[in-house]
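The values are calculated or read from the model by the stated rules, or taken from the named source; none is laboratory data. Nothing here was measured: the structure is a model prediction, and the numbers come from that model. Methodologically, a virtual Cβ is constructed for each residue, glycine included, from the backbone with ideal geometry; neighbour enumeration extends over all protein chains shown. What goes into the accessible areas is simple: the full protein's heavy atoms, side chains included, and nothing from ligands, DNA or RNA. Shrake-Rupley method; radii C 1.70, N 1.55, O 1.52, S 1.80 Å.
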Amino acid sequence: MMQRPRDEAFMRAAIALARRGLGRTWPNPAVAALVVDESVEPPVVRGRGRTSPGGRPHAEANAVAEAGEAARGATMYVTLEPCARRSQRVFGPSCTEIILESGIARVVIGAADPSPFASGEGTEALRKAGIAVVTGLCEAEAREVTRGHCFRVSDHRPFVTLKLAQTKDGFAGTADRRPLAITGEEARAYVHRLRSIHDALITGIGTVLTDDPRLDVRLPGMAGMSPMRVVLDSEGRMPAGAKIVSEAANAPVLIVSTRDRAHFAALAAAHPPEMLEVVAVPRSADGCLDLAAALGALAAQGITRVMVEAGPTLSNAFAKAGFIDRLELLTGANAIGQGLPAIGPDLAGWIARAHLVGERMLGPDRLEIRKGQG
C-alpha cells in the first residue's frame, strides 16, 4: 500500500520517541510504536509505547495496552519490524500476535529487523492475516536508532562510538602523560548526555591508573542513567580503590582481561556479581588483548551500543582493528605547544576515509562527528 502524506509525520514522531530509550533497553533495541485512530479528522494518537527499561515489554505491547479497545481498526506506526516468535512459556505472545489480537487494521514499519525472531516473518504474518502493511518508511532514520541491535545480530559486536578530546594543536595530554582539562562546561555536559544513550562505556586500564575516572552521568536528574563501565585490563592491574570500582553500586563494572577470573578473586569477592564481573578473552596475534573477542563478549551479554572513552593508544587500536563506527571529536579552544598526540596513524587514516556528518560549537569548543563508510 502506498504511504500517505501524514504517515511520515507519525513515523518521525515514533522515531523521536524511540530515541528516548537509547541506553536503557538492552539486550533489546530501542523501539517505539504509536497506535493512531484515523476514523476522526485530524487523526488521534490513542496509544504510545516504547521498549521498557531492560528490554521488556516491547514497544508494540505497551502501545496496544495504552490504546485498549481503541486499537481496533487503527493504524500502528512502529520503528522496527515486529517480532514474530517468542517463547510462549517465558515471554508471552510475540508482538505480531499482539497486533493480530488487538484488531489493528494497518501497520507502518520503519526498518526491517535482521533478528531470527523477525527477519520478514512478522511482516508476512501480518499480511497473511489481511492487515495492510507499509514497510521502509523513514528507513534510514529508523535504522539509525537500531544500528546497535543490527550490528549485534549481523556482526556479533556492538555499535562502537569513539569519543575523543584534543587541544587546539592536537594533543590529548601533557608530554609526561598527566591529565589535561581540554574542554569547557558545554562540551562536558554534551559528553555526559552521550554517555546516557549508550549501553556501556569502554576505557583502558591505563586511563583508570592515570586519571581515575568515574565514567558516570552527572547531569541533574540523570544520575540513574549511568551505563555499564567496561575496563580493558589485559594484565589484571585494576586497583581495588579505583573510583570506577568503589562506585560500582551506582553503575556495574565489567573487567575484560587476558587473565582468568581467579586473578581477580579478591576484587570480585568484595562486590556482588551484578556490580562487578570479569570476562576472560584471548590475546590477539600481536600479544595484546583481542578487541574482537572483547566486543564479542559484550554482544553475548546483550550490549548493543558502546562508547569508547580512552587514551590515544587504545583509541588508535580500535581504529586499527576496524572497530570504530562513529567518532565524536571535541577540539578545545586552547593550544599547549607540545604534549601527547591525540590521534594516532590508524585513527588519522580512519578519519580521512570517514564521512563528516555534523559540526558545531559547544561554547568555545568544536564538535566534529564522523561516521565510518560501512
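Would a scan of the stretch 297-306 turn up a residue that is surrounded by fewer than 17 Cβ atoms within 10 Å (Cβ to Cβ) and either over 29 Å from T146 (Cβ atoms) or of a type in the set (A, V, I, L, M, F, W, C) (or both)?
Checked the stretch 297-306: at least one residue is surrounded by fewer than 17 Cβ atoms within 10 Å (Cβ to Cβ) and either over 29 Å from T146 (Cβ atoms) or of a type in the set (A, V, I, L, M, F, W, C) (or both).
Considering each residue of the stretch 156-188, count those that are touching a residue at least 40 places away in the same chain (Cβ under 8 Å) and either among the acidic types (D, E) or not in a strand (DSSP E or B) (or both), and give that number.
17
For the stretch 24-65, name all the residues that are modelled with pLDDT of 95 or more and among the small types (G, A, S).
If the condition is that a residue be modelled with pLDDT of 95 or more and among the small types (G, A, S), then A30, A32, A33, G47, G49, S52, A59, A61, A63, A65 are the ones that fit.
Restricting attention to the stretch 98-125, report how many residues are in a strand (DSSP E or B) and over 19 Å from A18 (Cβ atoms).
1
Looking only at the stretch 178-206, filter to residues that are basic (K, R) and surrounded by fewer than 15 Cβ atoms within 10 Å (Cβ to Cβ); which one of those is farthest from L330 (Cα to Cα)?
R178
Of A13, A18, A9, which residue is touching a residue at least 24 places away in the same chain (Cβ under 8 Å), part of a helix (DSSP H, G or I) and out of contact with any helix residue (DSSP H, G or I) (no Cβ under 7 Å at 6 or more places or on another chain)? Walk me through it before giving the result.
Working: A18 fails: out of contact with any helix residue (DSSP H, G or I) (no Cβ under 7 Å at 6 or more places or on another chain); A9 fails: touching a residue at least 24 places away in the same chain (Cβ under 8 Å).
None of the others qualify; the one that does is A13.
Considering (1) open to solvent by 20 Å² or more (accessible area, probe 1.4 Å); (2) within 22 Å of the chain's Cα centre (by Cα); (3) of a type in the set (D, E, K, R); (4) within 27 Å of A333 (Cα to Cα), say which one R147 fails and leave the rest.
(4)
Please list, ordered by residue number, the strands (runs of 3 or more DSSP E) wholly in the stretch 249-340 having 1 or more residues that are touching a Cys at 6+ places or on another chain (Cβ under 8 Å), within 16 Å of R229 (Cβ to Cβ) and not aromatic (F, W, Y).
In the stretch 249-340, there are no strands (runs of 3 or more DSSP E) which contain 1 or more residues that are touching a Cys at 6+ places or on another chain (Cβ under 8 Å), within 16 Å of R229 (Cβ to Cβ) and not aromatic (F, W, Y).
So T51 clears everything in (1) open to solvent by less than 20 Å² (accessible area, probe 1.4 Å); (2) over 19 Å from S115 (Cβ atoms); (3) not small (G, A, S) except one condition, right? Which one?
Every condition holds for T51 apart from (2).
Outside any helix (DSSP H, G or I), farther than 30 Å from A187 by Cβ, touching a residue at least 12 places away in the same chain (Cβ under 8 Å) and open to solvent by 50 Å² or more (accessible area, probe 1.4 Å) - does that describe any residue in the stretch 207-219?
The answer is no, given that none of the residues of the stretch 207-219 is outside any helix (DSSP H, G or I), farther than 30 Å from A187 by Cβ, touching a residue at least 12 places away in the same chain (Cβ under 8 Å) and open to solvent by 50 Å² or more (accessible area, probe 1.4 Å).
Can you tell me which residue is farthest from A181 (Cα to Cα) among those in the stretch 340-374 that are touching a helix residue (DSSP H, G or I) at 6+ places or on another chain (Cβ under 8 Å), charged (D, E, K, R) and open to solvent by 20 Å² or more (accessible area, probe 1.4 Å)?
Taking the candidates together, the pick is D346.
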